[in-house]
Amino acid sequence: MPLWYDTHAHLDDFAAAGTLDAVLARAAAAGVTRVCAMGGSPDANRLAVRLATDRPETLVAAVGYDRDLAAASPDPAELRDLAQSPAVRAIGEIGLDYYYDPDGAAAQRALFDKMLALALDLRLPVCVHSRDADSDTLAALREFSNHWKKTFQSLEKSVPPGILHCYTRGPEMAEELLDLGFCISFSGILSFNNAGPLREVASRIPLDRLLVETDSPYLAPKPHRGKTCEPMYTARTGEVLAECTGIPPDTLADATTANAHRVYGGPFRP
């Protein structure tokens, strides 16, 4: 059975409902052996760190302040403290979303820049959300990538600067992200009926940059649409990705898991 890594899951609802252990057991039964518990707000950050600290054999954590907090004043000191936990392997979820809040673009970009600066300071990769904000996202990530490459230019191994999660854009943005060293992660959207162009983009991504995720509890893949998405559905997204790339599922699972370990393998701190 192929073994998969869910690189992006929001576990808050499962923890609140007391079902997380059952959810993770179903994931393991489906071959999903590792999951990144995603933060993005003060409460989600604290929970992600606690869950990953309690379950180091299964979970790692990402913490950050997402675009929803652009008009607020979240505590930077608390985030910095949390980000230095050994369980934390990335700054995320962070990014820009002009679809829902075009008027807040300037505030979103200011917060995004702060999160990228924190990631550089702590030598942690980033997990990025971008919707209808291609130009500003790429501008910020170009600067981040340039600094990241200088930080790690003395290392023999390549350390990816991060992930563009739940990718839905076209080939041009994907090519720019690849040039910047980023990995690209695909969710259950890849299986949707109208996702033919996205599957074509996925087929062009080099094997050493591909990742899979669920974005649980959202975006369950076909044939599970309408259900609460769980990490176990990473395997289904992986099957779809294997179909559109022509890569055998076992090979794809091994490669995407290795890629995830390269990104989330540990904080590269001074």
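The values are calculated or read from the model by the stated rules, or taken from the named source; none is laboratory data. All of these numbers come straight from a predicted model, not from anything done at the bench. So basically every Cβ, Gly included, is an ideal-geometry build from the backbone, and we count neighbours across all protein chains shown.
Just to be sure before I move on: is S187 touching a residue at least 40 places away in the same chain (Cβ under 8 Å), polar (S, T, N, Q), surrounded by 14 or more Cβ atoms within 10 Å (Cβ to Cβ) and touching a Phe, Trp or Tyr at 6+ places or on another chain (Cβ under 9 Å) in the structure I sent?
Working: touching a residue at least 40 places away in the same chain (Cβ under 8 Å): yes; polar (S, T, N, Q): yes; surrounded by 14 or more Cβ atoms within 10 Å (Cβ to Cβ): yes; touching a Phe, Trp or Tyr at 6+ places or on another chain (Cβ under 9 Å): yes.
Answer is yes for this residue.
Testing R269 on (1) within 24 Å of R123 (Cβ to Cβ); (2) at pLDDT 95 or above; (3) not aromatic (F, W, Y), one condition comes back false. Which one is that?
(2)
Residues that are in contact with a strand residue (DSSP E or B) (Cβ under 7 Å, 6 or more places away or on another chain) and of a type outside the set (D, E, K, R): does region 11-19 have at least one?
yes
Let's see how each residue does on (1) free of Cβ contacts under 8 Å to residues at least 40 places away in the same chain; (2) touching a helix residue (DSSP H, G or I) at 6+ places or on another chain (Cβ under 7 Å); (3) surrounded by fewer than 15 Cβ atoms within 10 Å (Cβ to Cβ):
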residue	(1), (2), (3)
A30	no, yes, no
N45	yes, yes, no
V49	yes, yes, no
P56	yes, no, yes
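Among P248, P221, which is over 16 Å from the mean Cα position of the chain (by Cα), surrounded by fewer than 18 Cβ atoms within 10 Å (Cβ to Cβ) and not β-branched (V, I, T)?
P248
Got at least one residue in region 125-141 being surrounded by fewer than 17 Cβ atoms within 10 Å (Cβ to Cβ), among the small types (G, A, S) and in a helix (DSSP H, G or I)?
yes
Which residues, taken from region 193-212, are buried (at least 16 other Cβ atoms within 10 Å of the Cβ) and in contact with a Leu (Cβ under 9 Å, 6 or more places away or on another chain)?
Of everything in region 193-212, those that are buried (at least 16 other Cβ atoms within 10 Å of the Cβ) and in contact with a Leu (Cβ under 9 Å, 6 or more places away or on another chain) turn out to be L198, R199, A202, I205, R209, L210, V212.
Restricting the search to region 204-219, which residues are within 8 Å of S187 (Cα to Cα) and aliphatic (A, V, I, L, M)?
V212, L219
Any residue in region 13-28 that is without any contact (Cβ under 8 Å) to a residue 40 or more places away in the chain and aliphatic (A, V, I, L, M) sitting within a Cβ distance under 7 Å of a residue that is in a helix (DSSP H, G or I) and surrounded by 12 or more Cβ atoms within 10 Å (Cβ to Cβ)? List the pairs, counting only those 6 or more apart or interchain.
Filtered contacts from region 13-28: A15/L47; A15/L51; L20/F14.
Using the structure shown, decide if T7 is hydroxyl-bearing (S, T, Y) and in contact with a Cys (Cβ under 8 Å, 6 or more places away or on another chain). Even if it seems obvious, please write down each step before you answer.
Working: hydroxyl-bearing (S, T, Y): yes; in contact with a Cys (Cβ under 8 Å, 6 or more places away or on another chain): yes.
Spelling it out, T7 is indeed hydroxyl-bearing (S, T, Y) and in contact with a Cys (Cβ under 8 Å, 6 or more places away or on another chain).
Just one of (1) on the phi > 0 side of the Ramachandran plot; (2) surrounded by fewer than 21 Cβ atoms within 10 Å (Cβ to Cβ); (3) touching a residue at least 60 places away in the same chain (Cβ under 8 Å) trips up D215, so point out which.
(2)
In region 142-179, how many are farther than 21 Å from L207 by Cβ and outside any loop (DSSP other than H, G, I, E, B)?
Number satisfying all stated conditions: 10.
In region 226-242, how many are surrounded by fewer than 16 Cβ atoms within 10 Å (Cβ to Cβ) and either part of a helix (DSSP H, G or I) or at pLDDT 95 or above (or both)?
Total satisfying the criteria: 2.
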